[in-house]
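One structure is given below, encoded as structure tokens.
The values are calculated or read from the model by the stated rules, or taken from the named source; none is laboratory data. In this text the structure is predicted, and so the values were computed from the model without any measurement. Don't worry about glycine lacking a Cβ; one is built from the backbone with ideal geometry, like all the others, and counts go over all protein chains shown. Quick note on the areas: whole protein, heavy atoms, side chains included, nothing else; ligands and nucleic acids left out. Shrake-Rupley method; radii C 1.70, N 1.55, O 1.52, S 1.80 Å.
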Amino acid sequence: MFYDRNQAGEILAEELKRFKKALVLAIPRGGVPVGFAIAKRLGLKLAVVAVRKLPIPWDPEAGFGAITADGTLVLNRRLVKQLGLQRAEIEEIARRVLKEVKRRERVYGKIPPVKGKTVILVDDGLASGYTMLAALKYVKKLGAGRTLIAAPVSSLSAYRLLKRHSPILCLHVSREPLFAVASFYHHFPELTDEEVLSYLKQFKS
């Protein structure tokens, strides 16, 4: 159990001391306090990468894929088939989510240049792994050099998915059949845009 996202980031930072030059890209909103703690402790640069899951219509806490600000779409195709989602329905959900992703990009700022750089992608937890996979594909498309995924906790399925695409550092990989990121934190509030901007402002100052 972690007390909160900041503490989880502090612990992750201890495992990342070898990274002297890297860009920390946090997935908003929950990944921002984790990324902030890592970047602050290690003296690295921090920014956000706008990406969001595509929610299952009748179970919005769960997702069947994710989309980034440039429209990069990653789908859990096996789940899509199981859910019986039709192409038109997926496209409509993707359009709605993309609108919010672009809004967040306007508010939090665009991803800085990553070409040839070492990028550490951070979130507060990895449930399905598809949101992180979309972020990873996005930064690779932009020419990122070395990549590392860092998260305090992950489901086993997400860990297995992501390690096929990038090195991954995770403090705890859960084998429990029912996985919820919030269950690994004592304090896990929803974050607002204002709180995200506060973290970014603190870092820039």
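A few points about this structure:
- Exclusive hit being modelled with pLDDT of 95 or more and either under 24 Å from His186 (Cβ atoms) or open to solvent by 70 Å² or more (accessible area, probe 1.4 Å) (or both), set Gly35, Gly65: Gly35
- Where Gly71 falls short, out of the listed (1) at pLDDT below 95; (2) assigned to a strand (DSSP E or B): (2)
- Among the residues listed as Ala13, Ala47, Ala26, Ala66, the single one being closer than 21 Å to Pro152 by Cβ and touching a Pro at 6+ places or on another chain (Cβ under 7 Å): Ala47
- Unique match (being closer than 26 Å to Ile11 by Cβ and touching a Leu at 6+ places or on another chain (Cβ under 6 Å)) among Pro189, Pro167, Pro177: Pro167
- Selection status of His172, open to solvent by 40 Å² or more (accessible area, probe 1.4 Å), in a loop (DSSP other than H, G, I, E, B), under 21 Å from Glu15 (Cβ atoms) and of a type outside the set (A, V, I, L, M): no
- Every pair of residues 6+ apart whose Cβ atoms lie under 8 Å, when the first sits in region 69-83 and is more than 24 Å from Val48 (Cα to Cα) while the second is part of a helix (DSSP H, G or I) and open to solvent by less than 40 Å² (accessible area, probe 1.4 Å): Val80/Ile90
- Summed over region 183-194, the residues that are exposed (fewer than 14 other Cβ atoms within 10 Å of the Cβ) and not hydroxyl-bearing (Ser, Thr, Tyr) give a count of 6.
- Residue that is farthest from Lys201 (Cα to Cα), among those in region 38-55 that are part of a strand (DSSP E or B) and open to solvent by 10 Å² or more (accessible area, probe 1.4 Å): Pro55
- Test: residue in region 135-151 that is at pLDDT below 95, at positive phi and not charged (D, E, K, R): no
- Condition check for Arg106 on (1) more than 17 Å from Val34 (Cβ to Cβ); (2) in a loop (DSSP other than H, G, I, E, B): one failure, at (2).
- Flag for Tyr185 being of a type outside the set (Lys, Arg), at pLDDT below 95 and more than 18 Å from Ala62 (Cα to Cα): no
- Flag for Tyr138 being touching a residue at least 12 places away in the same chain (Cβ under 8 Å), open to solvent by 30 Å² or more (accessible area, probe 1.4 Å) and in a helix (DSSP H, G or I): no
- Residue ID - most open to solvent (accessible area, probe 1.4 Å), chosen from residues in region 2-28 that are in a loop (DSSP other than H, G, I, E, B), in contact with a helix residue (DSSP H, G or I) (Cβ under 9 Å, 6 or more places away or on another chain) and not small (Gly, Ala, Ser): Lys20
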